[in-house]
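J.: Below you'll find the structure I mean.
The values are calculated or read from the model by the stated rules, or taken from the named source; none is laboratory data. Everything numeric here is computed off the predicted structure, so don't read it as measured data. Heads up, the Cβs are rebuilt from the backbone with ideal geometry, glycines too, and the neighbour counts pull from every protein chain shown.
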Amino acid sequence: MCSLEKRGNLFILILTGQNGEHRLNPNLFSSIISALSRAKAESTRGSALVTVSHGKFFCNGFDLDWVNAAGSDEETQQRFNLLLDYLKQLVLAFISLPMPTIAAVNGHAAAGGVVLALCHDYVLMRRHRSVLYMIDLDLGIKIPEPFMALFRAKISGSARRDLLLRGLKIKGEEALKMGIVEAVYDGEEEVTNSGIEMADDLAKRNWHGEFYVEIRKGLYSELCDILGIASKAIATP
Amino acid sequence: MCTLEMRGNLFILTLTGEDRHLFNPDLISSLLKLLSQVKAQATCGSALITQAQGKFFSYGFDLDWAQAAGSEQGAVKRLQQMADLFKPVIATLLSLPMPTIAAITGHAVAAGFTLALSHDYLIMRKDRGILWMPEVDIALTLPDYINALFKEMIGDASVRRDLLLRGLKMKGDEAEKRGVVKAAYDGEAEVREASVCLAENLGKRKWHGEVYAEIRKGLYPQLSAILGLSHKVYAIARL
């Protein structure tokens, strides 16, 4: 599922499990959200979190096998809605995490997996063998509002249209050019290590977590409004 | 503190002195007064250049004055006071009936950067000076209208994130490359010259000031709403 490792000031969230695609089902969702709660509880000044994965996939989206294994059409829809709800909770958990966050995307990310990556403040990616794919359009699945707000918050200009409306499988260099990711690296080890390095650099800024969260919320105010979380105004210097 | 002069069609607002041009209530009031004057004296073909003397454009709110209140509560109150006083300055700039240019020849930090960003065009030095929002480093949050300003003035999400969430100190060439400023030049004289040149060229278009302001507000609807600026629908039969 996932594990949370502590290394000095860093929290390393690792997507594990035999399911190489790290598909988002209730188990994995609960596992990640629980890990984030732990990180939040144990956070101090100068904390940082990096999410890493191993193998061919970063995260291939919702576990549609689990959704479709439901007994009836109605239950299938219910299961899908449940996953949407979990995804919303995930976004909330990341936005409220009192520390900078980095996603080290080692492999393919699709749909919910792209959302997971974009929940982070910074995204690093592998140059090859890794694509970001909002498969929703090709599958005929709508993207509900809180996630549209996330895309609007994090991605600008024609990049947003290309990601959502064009069914593109976006490789590393393209993602870099589009401003979706900060940097690209050759090899899984490199992207993971660079993620950890970047987390270290950001941790050294020794930011106050609670203020960091408020600034983040101010930065993504439309998303926060849609998610129903308020931000606090001015505080003491 | 600050002065206003006229050069042909150009209004030139200068933050004077070699100091950090900190926005305490006095300076903020002076700025508001002068900008109101500019608004009142505007004609077709006017333009505004806001500039500063010395090494600093402005280093933002006067945090020393805030802390001189003596208590944490008092400091917060003073900070809030400055933020509240500053809001009409931004509102006036947003609704100014003429093109506006910030000639940034020194460091523009926090509210200083905010002031610059409230202009239609930013011209900066390449060799000296930074744009910086240090709030994340000093554990301060931003008033809603400043968040709205950054959201609508800076289109690129990564740039906004780098400036606000990462406290990036952005130099002229990066600012130009990433679209935060229109252009960056080596040297103070070059920046001032380029600003005057741009102002004159824009002035030559002889735009109808009020229409210009309405179109500007239309570009930034959320910011305008937060600043309490209403939007007029204009129809001018000039055809």
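J.: Can you give me the number of residues within segment A:43-73 that are of a type in the set (Gly, Ala, Ser) and crowded, with 17+ Cβ neighbours inside 10 Å?
T.: 6
J.: I need the full set of residues from segment B:178-193 which are closer than 17 Å to B:ALA52 by Cβ and in a strand (DSSP E or B), in order please. Outline the logic, then answer.
T.: Of segment B:178-193, the ones closer than 17 Å to B:ALA52 by Cβ are B:181, B:184-185, B:187-193.
Within segment B:178-193, B:ALA184, B:TYR185 meet the criteria.
J.: Another question, if that's okay. Is segment A:207-226 home to any residue that is of a type outside the set (D, E, K, R) and more than 12 Å from every other protein chain (Cβ to nearest Cβ)? Before the answer, list the steps.
T.: Applying the first criterion (of a type outside the set (D, E, K, R)) to segment A:207-226 yields A:207-209, A:211-213, A:215, A:218-221, A:223-224, A:226.
Within this subset, residues satisfying the condition of being more than 12 Å from every other protein chain (Cβ to nearest Cβ) are A:226.
Scanning segment A:207-226 turns up at least one residue that is of a type outside the set (D, E, K, R) and more than 12 Å from every other protein chain (Cβ to nearest Cβ).
J.: Which ranges mark the helices (runs of 4 or more DSSP H) fully within segment B:1-117 that have 1 or more residues being modelled with pLDDT of 95 or more and in contact with a strand residue (DSSP E or B) (Cβ under 7 Å, 6 or more places away or on another chain)?
T.: Values: elements: B:25-41, B:63-67, B:72-94, B:111-117.
Passing ranges, in order: B:25-41, B:72-94, B:111-117.
J.: For segment B:44-55, which positions are without any contact (Cβ under 8 Å) to a residue 60 or more places away in the chain and either in contact with a Pro (Cβ under 8 Å, 6 or more places away or on another chain) or surrounded by fewer than 23 Cβ atoms within 10 Å (Cβ to Cβ) (or both)?
T.: Of all residues in segment B:44-55, those without any contact (Cβ under 8 Å) to a residue 60 or more places away in the chain come to B:52-54.
Within segment B:44-55, B:GLN53, B:GLY54 qualify.
J.: Let me ask you something else. Look through A:ILE33, A:ILE102 and report the one residue that is in contact (Cβ under 8 Å) with a residue 12 or more places away in the chain and surrounded by fewer than 23 Cβ atoms within 10 Å (Cβ to Cβ).
T.: On the way: A:ILE102 fails: surrounded by fewer than 23 Cβ atoms within 10 Å (Cβ to Cβ).
Only one candidate passes the filter, namely A:ILE33.
J.: Also, quick follow-up: When you check B:VAL211 against the structure, is it crowded, with 18+ Cβ neighbours inside 10 Å and not in a strand (DSSP E or B), yes or no?
T.: Against the criterion (crowded, with 18+ Cβ neighbours inside 10 Å and not in a strand (DSSP E or B)), B:VAL211 does not qualify.
J.: A further question on this structure: Which of the residues spanning segment A:88-99 are within 14 Å of chain B (Cβ to nearest Cβ) and either without any contact (Cβ under 8 Å) to a residue 60 or more places away in the chain or surrounded by fewer than 24 Cβ atoms within 10 Å (Cβ to Cβ) (or both)? Please lay out each step first, then the result.
T.: Within segment A:88-99, the first condition is being within 14 Å of chain B (Cβ to nearest Cβ), and the residues that meet it are A:94-95, A:97-99.
Once the filter is applied, which keeps residues that are within 14 Å of chain B (Cβ to nearest Cβ) and either without any contact (Cβ under 8 Å) to a residue 60 or more places away in the chain or surrounded by fewer than 24 Cβ atoms within 10 Å (Cβ to Cβ) (or both), segment A:88-99 yields A:PHE94, A:ILE95, A:PRO98.
J.: Here is a further query. Give the residues of segment B:145-196 that are within 13 Å of another protein chain (Cβ to nearest Cβ), among the charged types (D, E, K, R) and either more than 22 Å from B:THR100 (Cβ to Cβ) or without any contact (Cβ under 8 Å) to a residue 24 or more places away in the chain (or both), sorted by residue number.
T.: Correct list: B:ASP156, B:ARG160, B:ARG161, B:ASP162, B:ARG166, B:LYS169, B:LYS177, B:ARG178.
J.: Oh, and also: Among the residues of segment B:83-106 satisfying the criterion of being of a type in the set (A, V, I, L, M, F, W, C) and in contact with a Gly (Cβ under 9 Å, 6 or more places away or on another chain), which is nearest to B:GLY209 (Cα to Cα)?
T.: Looking at residues that are of a type in the set (A, V, I, L, M, F, W, C) and in contact with a Gly (Cβ under 9 Å, 6 or more places away or on another chain), I get B:MET98.
J.: When segment B:121-144 is examined, which residues are found to be more than 13 Å from chain A (Cβ to nearest Cβ) and crowded, with 22+ Cβ neighbours inside 10 Å? Even if it seems obvious, please write down each step before you answer.
T.: The first filter runs over segment B:121-144 and keeps only residues more than 13 Å from chain A (Cβ to nearest Cβ), leaving B:121-132.
B:LEU122, B:ILE123, B:MET124, B:ARG125, B:GLY129, B:LEU131, listed by residue number.
J.: Now, a different point. Please indicate, with yes or no, whether at least one residue in segment A:57-77 is small (Gly, Ala, Ser) and in contact with a strand residue (DSSP E or B) (Cβ under 6 Å, 6 or more places away or on another chain). Give the derivation first.
T.: Looking only at segment A:57-77, we keep the residues that are small (Gly, Ala, Ser), and these are A:61, A:69-72.
From the residues that got through so far, the ones that are in contact with a strand residue (DSSP E or B) (Cβ under 6 Å, 6 or more places away or on another chain) too are A:61.
Scanning segment A:57-77 turns up at least one residue that is small (Gly, Ala, Ser) and in contact with a strand residue (DSSP E or B) (Cβ under 6 Å, 6 or more places away or on another chain).
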